[in-house]
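Just so it is clear, none of the values below were taken in a lab; they were calculated from the coordinates. Keep in mind that what you see is a predicted model, and the values were worked out from it rather than measured. Glycine gets a Cβ as well: all are built from the backbone with ideal geometry, and neighbour counts include every protein chain shown.
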Amino acid sequence: MARTTSPPPEDLAEKIIDIDVSEEMRGSFLEYAYSVIYQRALPDARDGMKPVQRRILYQMNEMGLRPDRAHVKCARVVGEVMGKLHPHGDSAIYDAMVRMSQPFAMRVPLVDGHGNFGSLGGDDAPAAMRYTEARLDRSAQLLVTSLDENVVDFHPNYDGQENEPEVLPAAFPNLLVNGASGIAVGMATNMVPHNLGEVIAAARHLVSHPDASLDDLLAFVPGPDLPTGGTVVGLDGIRDAYRKGRGTFRTRATVSIEKVSPRRTGLVVTELPYSVGPEKVVSRIKELVQTKKLQGISDLKDLTDRNQGLRLVIELKNGFNPEAVLEELYRLTPMEESFGINNVALVDGQPRTLGLRDLLQVFVDHRLEVVRRRCEHRRSKREERLHLVAGLLVALLNIDEVIALIRDSEDTAQARQRLMTTFELSDTQARYILDTPLRRLTKYDRLELENERDQLSKDIEELTAILESDAKLRRLVSKELGEVAKEYSSPRRTVLQESSGETRSASIPLEMADQPCHVLLSSTGLLGRSSTAQVPPMFEGLRTRHDAVAVSVPATSRADIGLITDLGRAVRVPVVELPELPDDASESPPQSHGVPVEEFVELGEDERVVSVAALDDDGPGIAVGTEQGVVKRVTSESAPNKDDFEIINLREGDRVVGASQLATGEEDLVFVTSEAQLLRFSADNVRPQGRPAGGVAGVKLPEGATVLWFGAVALPEDTVVLTVAGSSTETELPGTGGGSAKLTPLEAFPAKGRATGGVRCQRFLKGEDTLVLAWIGRAPARASRADGGPIRLPDLDERRDGSGEPLPRVISVVGTGRTDTGAASASGTAN
């Protein structure tokens with residue numbers, strides 16, 4: 001069935017209005033745009049507050065949430081603000097409240113928060129308002145002070161039941177100090193924070209010199225001062241913003257190059273650009289490393305906490321220039337960010353783009369008006385009080401007549417009228433006299449009233465002088481600003497750089513060059529590399545005062561070396577991972593004297609590193625000697641491309657005593673045994689063997705004897721042999737303390753064939769039956785005891801089988817006193 005539509009009633013038809021849609025849309029949009037601009041997004045240039053921020057501070061002040069009171073739940077504050085002043089959602093109010101409490105967002109926080117109010121960069125969201133608590137910060141008191149003295153105008157709230165201030169008194173330039181950001185309709189604002197002391201100094205200068213130019217003000221405000229610190233790179237954009245209200249500048253993280261571990265150098269980030277959080281930086285670096293767009297980073301740790309603040313540790317691979325890696329981080333990550341300044345604020349209800357001088361001028365004008373209105377209010381209050389005091393003094397002077405007049409009056413109205421007529425008082429004075437208790441009409445109170453009258457007259461005179469003199473008014477405003485700066489200013493956090501900050505050049509490659517160096521192993525197990533041509537043999541303070549270089553191997557900074565242990569293992573270590581030793585170890589801190597070998601190789605319970613060898617060397621190879629007299633020669637071709645491999649297949653119970661890098665293959669190999677036998681033979685007598693081989697016979701040992709020292713010697717004329725004899729059953733011999741020592745030229749010992757017993761190198765004294773220490777190196781030989789003190793060694797003895805001279809103390813370290821060649825090939829301690 002067809003459905004019919006009845007026409008609308010006549011009364012409704014008459015209310016239909018024909019309108020132009022375009023005109024309606026235009027009008028509605030303009031109304032919406034005005035509401036967003038004026039009521040939400042843009043701050044007022046006078047107090048630097050958006051409406052929601054102003055309402056929060058005002059309502060907290062009305063609630064009595066001052067710095068000397070306890071914190072209250074944020075939900076309570078949000079409810080009061082939303083119910084009385086701000087007809088919008090609670091999330092918008094709470095978000096604004098959270099931002100005003102964040103020290104990394106506000107240069108001078110206005111809300112004292114208690115609880116989780118978020119983290120830098122928004123990586124950690126703030127807790128819900130039912131969990132957090134807040135109160136006004138001390139600095140916020142400066143914005144709401146004197147609100148009860150008619151210093152600003154009030155207007156009704158959204159429902160007309162409450163009144164709220166149109167602007168806060170603002171005792172400091174909050175807009176410049178804390179900045180602002182907001183997106184309106186067709187416009188936006190993005191203002192950068194500044195240092196409170198610097199901004200107030202500029203404002204005071206403008207108060208005292210109304211015709212001051214922008215250049216004059218720039219002497220006080222050189223640039224922004226961000227809450228998170230960092231470095232501003234290039235000031236041209238900032239000067240444009242101060243001149244025109246718009247500009248762009250770049251901020252960089254604050255980074256230091258430090259030793260983050262004994263083996264590694266790292267970049268330590270302690271400050272990030274404004275509004276950039278550590279999580280954002282960490283995720284970006286990880287992404288770049290995974291995609292291989294960023295090289296040189298081995299590890300990344302976020303050690304940020306509430307105690308030490310921001311701390312990102314970026315560990316670098318050895319061989320990469322820290323400065324070059326840092327420049328790549330600035331270029332590719334948020335560790336360098338741009339900040340666009342757009343100084344848009346409301347002036348007389350209209351959005352305007354303001355430069356630095358305009359912003360300061362608006363604040364100064366506002367502050368002059370606030371102080372003027374405050375002085376007028378205070379003068380009015382004092383005049384009112386003086387009027388009452390004068391009437392009360394008249395009553396006290398005529399107390400008897402006043403009492404009689406009141407007693408004879410029919411009612412209060414008649415008494416008031418008769419007082420006014422008889423003593424020429426005003427209605428206000430007469431009412432005040434009638435309301436005053438009789439206890440106030442004493443002689444003492446009269447003196448108090450006279451003093452009060454004099455003080456009120458003086459105050460009125462001073463306030464009148466201020467109001468009648470623009471110079472005095474400006475001096476008062478400048479004085480109050482100075483007091484604020486003295487109490488609330490803080491040192492600058494952001495460093496300003498005039499240059500653009502481009503520090504990397506083509507001469508600084510990302511990776512370090514392959515330079516010749518020496519790898520050093522000390523007798524106490526410290527590793528390092530020296531880039532000098534001369535190798536320091538003994539280091540004062542290397543690890544202890546009695547340390548010495550035991551092994552020196554020539555290499556290059558990008559080569560590999562092998563740490564050879566007494567169990568026959570070779571552990572491959574890149575030379576670039578070794579710390580570079582200073583030229584003068586005696587003047588350097590201990591941490592720069594190398595790192596323990598345990599940082600590079602995991603040693604067993606009874607395992608130790610005995611030598612260092614170059615694995616990339618194409619020369620004659622490495623000679624290895626064992627405790628049971630076995631010798632083996634291994635070339636670099638036999639070294640597998642592994643981090644850990646066996647360099648010799650040891651017999652059961654055998655251990656490596658020493659290993660030497662062969663430079664020419666013409667060196668002599670020398671064994672020194674515990675039986676005081678020395679065997680020297682040419683390295684040519686040992687043919688190279690593969691890695692699985694167990695070596696060949698090196699020295700013939702009698703039963704119970706062991707090899708005490710093994711090494712390769714190039715046979716210079718000034719090479720000496722130091723041997724120390726002792727007892728196998730006693731640590732120290734009676735009457736000697738450290739055994740008997742003998743120093744002999746190596747040339748005194750003839751060369752013999754491999755696998756023979758060698759020749760005697762020292763004759764034992766009574767009570768001695770073994771060698772406890774042997775060392776071969778360049779003369780002069782030097783020895784020291786455990787506490788670092790020197791030990792005098794005997795004179796050179798040309799007899800190869802002579803006896804030794806008694807030592808006063810046990811030798812702890814032996815080394816050469818020369819600096820033009822490698823140091824000792826081994827060192828030891830008598831036992």
Which of LYS50/LYS84; LYS292/LYS317; LYS280/LYS301; LYS381/LYS472; LYS458/LYS479; LYS84/LYS381 exceed 23 Å between C-alpha atoms? The answer is LYS84/LYS381
Given Cβ charges of +1 for Lys and Arg and -1 for Asp and Glu, the option among GLY230, LEU312, MET60 whose Cα lies farthest towards the positive end of the dipole of the chain is LEU312
Among 740-746, 674-680, how do they line up by average Cβ neighbours within 10 Å per residue, starting with the highest?
674-680, 740-746
Anchor LYS286: aspartates and glutamates whose Cα lies under 17 Å away (excluding residues fewer than 8 positions away in-chain):
ASP123, ASP299, ASP302, GLU315, GLU327, GLU328, GLU336
Expressed in nm to one decimal, what extension gain is obtained for the pair SER91 and ASP348 from 0.36 nm per residue of sequence separation less their Cα-Cα distance?
89.6 nm
Using only Cα atoms, tell me the angle between helix 278-290 and the longest principal axis of the chain; keep it within 0 to 90° and round to the nearest 10.
40
Taking the beta-carbon count within 10 Å as an exposure proxy, list SER409, SER298 from fewest neighbours to most.
SER298, SER409
Looking at the chain, which longest stretch skips every one of the chymotrypsin sites (Phe, Trp or Tyr not before Pro) that is in a DSSP loop with at most 15 other Cβ atoms within 10 Å, leaving the sites themselves out?
159-831
Reachable lysines from LYS700, criterion Cα separation under 24 angstrom, eight or more residues apart if same chain
LYS632, LYS742, LYS752
Taking 0.36 nm per residue of separation between GLU580 and ASP305 and subtracting their Cα-Cα distance, the length gained on full extension comes to 95.8 nm
Checking rank on 620-626, 463-469, with mean other Cβ inside 10 Å and highest first, the result is 620-626, 463-469
Once you keep just the Cα pairs under 8 angstrom separated by 6 or more residues, what percentage relative contact order results for the chain?
9
Return the loop-located trypsin sites (Lys or Arg not before Pro) in the range 103-170 (DSSP other than H, G, I, E, B) with at most 14 other Cβ atoms within 10 Å of their own Cβ; answer none if there are none.
ARG130
Counting other C-beta atoms within 10 Å, which of LYS73, LYS479, LYS50 has the fewest, and how do the rest follow?
LYS479, LYS73, LYS50
Return a whole-number percent for the relative contact order of the range 362-488, with Cα pairs under 8 Å and 6 or more residues apart as the contact set.
40
